[in-house]
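Any read-out appearing in this document is the output of simple, stated calculations on the displayed coordinates, not a laboratory observation. Here the structure is a predicted model, which is why all the values come from computation and not from measurement. Here the Cβ positions follow ideal geometry from the backbone for every residue, glycine too, while neighbour counts run over all protein chains shown.
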Amino acid sequence: MEELPEDYKLILFNDDKHSFSYVVACLIKFCGHSPDQAEQCALVADLAGQCTIKHGCWAQIETIREFLEGVELKVKMETNE
């Protein structure tokens, strides 16, 4: 089976609206992160203001973006350079 290109990335931005545990739970549920990986991404976003949380093809990243925006997390999809 051919691998899909990872031409896109999804960036999570820090906000003051959601709890750390809520963000971690969303990353586990929608991105398929392990608990440790989700905590690390949430911590980087908290400390640095943003964190790349997922790489993938357009359809995969767009779907996850829609889910995360649906739970009111601030994310942005960009081309992976």
Potential lengthening between D7 and N80 on full extension [0.36 nm per residue; Cα-Cα distance subtracted]: 25.8 nm
Estimated 222 nm signal from helices in the chain, with DSSP H stretches of n ≥ 4 weighted -39500 (n - 2.57), rounded to 500: -15500 deg cm²/dmol
Local net charge near Q37, Cβ-Cβ under 14 Å (Lys/Arg +1, Asp/Glu -1): 0
Estimated inter-spin distance, Q40 and E66, nm [label 7 Å along Cα→Cβ]: 3.0 nm
Gyration tensor verdict on the chain (Cα atoms; rounded if a/c is under 1.5, prolate if a/b is larger than b/c, oblate otherwise): prolate
Where GluC sites (Glu not before Pro) fall in DSSP loop in segment 1-72, at most 14 other Cβ within 10 Å: E2, E3, E6, E72
Neighbourhood net charge (15 Å Cβ-Cβ; Lys/Arg +1, Asp/Glu -1) for Y22: -3
